[in-house]
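Below is one structure, written out as structure tokens, with a few remarks after it.
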There are 2 protein chains.
Amino acid sequence: MNELRIFCPATIANVTCGFDVLGLCLDNVGDEMVIRKTDKGEVSITRIEGQDLPLEAEKNVAGVSAMAMLKALGSKQGFEIEIYKKIKPGSGIGSSAASAAGAVFGINKLLGEPFTAKELLPFAMEGEKLASGALHADNVAPALLGGFSLVRSYEPLDVIKLHTPGALFAAVIHPQIEVKTADARSVLKHSVPLKKAIQQWGNMGGLVSGLYTEDYELIARSLHDVIIEPLRSLLIPKFDDVKRAALEAGALGGGISGSGPSIFALCKGQANAAEVAESMAGIYADAGIDFDVHVSGINPVGMRIIS
Amino acid sequence: MNELRIFCPATIANVTCGFDVLGLCLDNVGDEMVIRKTDKGEVSITRIEGQDLPLEAEKNVAGVSAMAMLKALGSKQGFEIEIYKKIKPGSGIGSSAASAAGAVFGINKLLGEPFTAKELLPFAMEGEKLASGALHADNVAPALLGGFSLVRSYEPLDVIKLHTPGALFAAVIHPQIEVKTADARSVLKHSVPLKKAIQQWGNMGGLVSGLYTEDYELIARSLHDVIIEPLRSLLIPKFDDVKRAALEAGALGGGISGSGPSIFALCKGQANAAEVAESMAGIYADAGIDFDVHVSGINPVGMRIIS
């Protein structure tokens, strides 16, 4: 096997009360990537379609992740990477993670799987660092593991794949506005009220319990972020209206995807997710704000080989 | 049925990362209580053995809880309560909760169960309020429901019984020193660093996941409190030594029970819990500090009828 075409799923990080620790993997939103062995002894990005991103391997998240992995292996094998970008960078649904995780997933397959999916995480995190300046894992973890992934700890890295209830679907809307990562960070406060932190970890316990017991009502009651959302939502036009529309259409709950501007809602059943997506879209249509909208199952496996 | 004798279990609140939200129920540590119907039309505490506590119903947590429940029912039925106290007040293992929850559990049984266990919580919380000034639920919830109980939210009250792995045991040591509730509160800070709050809810997610999957290693990795324990442990002599002794003897983890001074450790298997208890006891024995020590399974049902 010298060449693979893979599907690199989009992901939602910062799932409400799980800010910085909980992400989930989407099923039908994602990039494609072709990875092939070469005898050139280096990683090269030979093609990027759909977005204007750097071809130099050292400046591309896929290239950086691939090189980190090959360095750890001590491998001199060369690889060519083609990226067919469908996830928009800056949309908040894990565009850089899809490329970073995709590169290491594909190369790992072509090398006969020297690493487990969890062992690939630190390499993909190097790509995330290039993209955002931080070694965060809450997009690359669900991209590589699928389902809901909990980053329990960074030092040492401890990622747990949680149970995903079968009827859970996501509606995601991406308003075509830019939220600068620097702005999304600057609105955060270094300290939070203890009382709100307690609410947050109470909800976190409830959400994880709801996932394991497939208790959709408990999931709904737990999907709250009382700390980050009140600050970051101010950067997203019509956030409150969109969220209200989602809840009124029957969504279990939702919030900001990643650091925005995408907004997600979790729903019971595909039909409801479609209604919720339509309701959310209505708000931006009325406001004259361009948007993309997605309805997706929760992807149980993460990266997939297409051919 | 006009009379019941019940077992009122001790409980551990503030289970590490679950400060203020997560409690568990002990199996073989607890009070007994006799409750009987009378035709006097009022609640009276007729006997308290083992501790010097108020007999006036309005000043006794069992009396206050019972009266709150009967008021809600609009019942004029009278009850006599005898309390055989084995849990020491101020020990940090839910002494007041055992009496508050016991009274409403017993009366509910004698009245033909007009309330579910969860519906009894607000009445038992009135007793807790008398004892501590706050309507907290993280002892009365596991006392009434058994197992691990999560107080996801107080407004509205939302309590979830989590799964309890079968091999989980607790070792609890109570050094005979007093930690004033006011002191335990005054060391807390109103705000906490966001970074530590994230660690805490990451651990909360890991702990709940570990409980459902019976993954004892994950439970062990998640049993940390990075926010409250560093402050409150200073009020408990030899806390660090006792905790270290527990971990070295193989405990999964542990921390302060309630607001102390009891220290608990969770262990896999009864034999290990006994070893851990012995190691913890050794520290206080060497330091010349009197103590009680308990080894207990996790009580899956909470309150029990003895006869």
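Values computed for the structure shown
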| read-out | value |
| --- | --- |
| Residues that are in contact with a Lys or Arg (Cβ under 6 Å, 6 or more places away or on another chain) and crowded, with 20+ Cβ neighbours inside 10 Å, drawn from segment A:124-144 | none |
| Matching residues, segment B:230-251, being in contact (Cβ under 8 Å) with a residue 40 or more places away in the chain, surrounded by fewer than 24 Cβ atoms within 10 Å (Cβ to Cβ) and closer than 20 Å to B:Leu26 by Cβ | B:Ile236 |
| Looking only at segment A:7-16, and only at residues there that are hydrophobic (A, V, I, L, M, F, W, C) and within 14 Å of chain B (Cβ to nearest Cβ), the one that is farthest from A:Asn139 (Cα to Cα) | A:Val15 |
| Hits in segment A:170-198 - residues which are out of contact with any helix residue (DSSP H, G or I) (no Cβ under 8 Å at 6 or more places or on another chain), within 7 Å of chain B (Cβ to nearest Cβ) and open to solvent by 40 Å² or more (accessible area, probe 1.4 Å) | A:Pro193 |
| Residue check for B:Pro261: more than 12 Å from B:Ala171 (Cα to Cα) and open to solvent by 10 Å² or more (accessible area, probe 1.4 Å) | no |
| Some residue of segment B:287-305 being within 15 Å of B:Ala170 (Cβ to Cβ), crowded, with 24+ Cβ neighbours inside 10 Å and in contact with a Pro (Cβ under 6 Å, 6 or more places away or on another chain) | yes |
| Residue in segment B:264-272 that is among the aromatic types (Phe, Trp, Tyr) and part of a strand (DSSP E or B) present | yes |
| Residue match in segment A:241-249 (condition: assigned to a loop (DSSP other than H, G, I, E, B) and either among the charged types (D, E, K, R) or out of contact with any Ser or Thr (no Cβ under 6 Å at 6 or more places or on another chain) (or both)) | no |
| Pick from segment B:76-101, criterion of a type outside the set (Gly, Ala, Ser) and assigned to a loop (DSSP other than H, G, I, E, B), ranking: nearest to B:Asn2 (Cα to Cα) | B:Gln77 |
| Hits in segment B:203-254 (condition: among the aromatic types (Phe, Trp, Tyr) and more than 14 Å from chain A (Cβ to nearest Cβ)) | B:Phe239 |
| Of all residues making up segment B:147-169, the number that are out of contact with any helix residue (DSSP H, G or I) (no Cβ under 8 Å at 6 or more places or on another chain) and either within 11 Å of chain A (Cβ to nearest Cβ) or surrounded by 24 or more Cβ atoms within 10 Å (Cβ to Cβ) (or both) | 3 |
| Residue list for segment A:138-162, restricted to those being within 16 Å of B:Ile219 (Cα to Cα) and touching a residue at least 40 places away in the same chain (Cβ under 8 Å) | A:Leu150, A:Val151, A:Arg152, A:Val159, A:Leu162 |
| Inter-residue pairs, beta-carbon under 6 Å, first more than 15 Å from A:Ser222 (Cβ to Cβ) and in segment A:193-209, second among the polar types (S, T, N, Q) and not in a helix (DSSP H, G or I), 6+ apart | A:Pro193/B:Ser191 |
| Residues satisfying the stated conditions in segment B:1-15, i.e. under 30 Å from B:Val172 (Cα atoms) and surrounded by fewer than 24 Cβ atoms within 10 Å (Cβ to Cβ) | B:Leu4, B:Arg5, B:Ile6, B:Phe7 |
| Members of segment A:85-113 found to be farther than 18 Å from A:Met125 by Cβ, touching a residue at least 24 places away in the same chain (Cβ under 8 Å) and open to solvent by 30 Å² or more (accessible area, probe 1.4 Å), listed by number | A:Lys86, A:Lys88, A:Gly90, A:Lys109, A:Leu111 |
| Some residue of segment B:48-57 being within 14 Å of chain A (Cβ to nearest Cβ) and either part of a loop (DSSP other than H, G, I, E, B) or open to solvent by 20 Å² or more (accessible area, probe 1.4 Å) (or both) | no |
| Residues satisfying the stated conditions in segment A:61-84, i.e. surrounded by 24 or more Cβ atoms within 10 Å (Cβ to Cβ) and under 21 Å from A:Asp39 (Cβ atoms) | A:Ala62, A:Gly63, A:Ala66, A:Met69, A:Phe79, A:Ile81 |
| Residue in segment A:17-37 that is in a helix (DSSP H, G or I) and either within 14 Å of another protein chain (Cβ to nearest Cβ) or open to solvent by 10 Å² or more (accessible area, probe 1.4 Å) (or both) present | yes |
| Members of segment A:58-75 that are assigned to a loop (DSSP other than H, G, I, E, B) and under 19 Å from the mean Cα position of the chain (by Cα) | A:Asn60 |
| Residue match in segment A:284-296 (condition: hydroxyl-bearing (Ser, Thr, Tyr) and in a helix (DSSP H, G or I)) | yes |
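The values are calculated or read from the model by the stated rules, or taken from the named source; none is laboratory data. From a predicted model like this one, the values you see are computed outputs, not experimental measurements. Reconstructed Cβ throughout: ideal geometry from the backbone, glycine too, with neighbour counts over all protein chains shown. Accessible surface is based on the protein model in full, side chains and every heavy atom, while ligands, DNA and RNA are left aside. Shrake-Rupley method; radii C 1.70, N 1.55, O 1.52, S 1.80 Å.
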